[in-house]
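Taking it in order: structure first as structure tokens, then the write-up.
The values are calculated or read from the model by the stated rules, or taken from the named source; none is laboratory data. Here the structure is a predicted model, which means the values were calculated and not measured. Counting neighbours? That spans all protein chains shown, and the Cβs are built from the backbone with ideal geometry, glycine included. Side chains are part of the model used for accessible areas, which takes the heavy atoms of the whole protein and leaves out ligands, DNA and RNA. Shrake-Rupley method; radii C 1.70, N 1.55, O 1.52, S 1.80 Å.
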Amino acid sequence: MLASVLNIMLPVKTPMHRPIDVILAGLLISPEIYLWVNLITFSQVWLERLAANKKDGWANQYKAENGKTRSKLGQGILTGFAFTGMIVVLCIYFRDYLTSPSVQQAIYPYLMNG
């Protein structure tokens, strides 16, 4: 809550701010994305350190500078869409169960606290 309030203060003090800037700052989407990227980077570094076969980082750097590497951004976006689509399909398929009184009663306290 405090982080959200502090994030809202920054765009409000910025000249010529837009309403969307204030809304996105209050939702904490940017820090959440930053934390996920940080977590992924941290885990990749440790997995590489603990791996049995070591990679040559300098060779990878030279390849990147010469444009001989490929980005996996497209694969990541496609995987994200596939995962989101799978969740949507499962929610539609199990909508009778998810809207049943027993499930609603189980999640009611969490909804009220949220």
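Listed by first and then second residue, the pairs with beta-carbon distance under 9 Å, at least 6 apart or on different chains, first residue in region 23-48 and of a type in the set (Ser, Thr, Tyr), second at pLDDT below 85, are Ser30/Asn7; Ser30/Leu24. Looking at Lys68, is it in contact with a Ser or Thr (Cβ under 9 Å, 6 or more places away or on another chain) and either at pLDDT below 95 or open to solvent by less than 100 Å² (accessible area, probe 1.4 Å) (or both)? When the stated conditions are applied, Lys68 does not pass them. Residues that are of a type in the set (S, T, N, Q) and outside any loop (DSSP other than H, G, I, E, B) within region 71-81 comprise Gln75, Thr79, listed in sequence order. Where helices (runs of 4 or more DSSP H) sit wholly within region 1-70, those with at least 2 residues that are closer than 24 Å to Asn113 by Cα, within 20 Å of the chain's Cα centre (by Cα) and not β-branched (Val, Ile, Thr) occupy 2-13, 19-27, 29-50. Leu73 meets the conditions (1) surrounded by 10 or more Cβ atoms within 10 Å (Cβ to Cβ); (2) within 27 Å of Trp36 (Cα to Cα) in every case but one. The failed one is (1).
How many residues are within 21 Å of Val88 (Cα to Cα), loosely packed, with under 10 Cβ neighbours inside 10 Å and more than 26 Å from the chain's Cα centre (by Cα) when one looks only at region 103-113? Number satisfying all stated conditions: 0.
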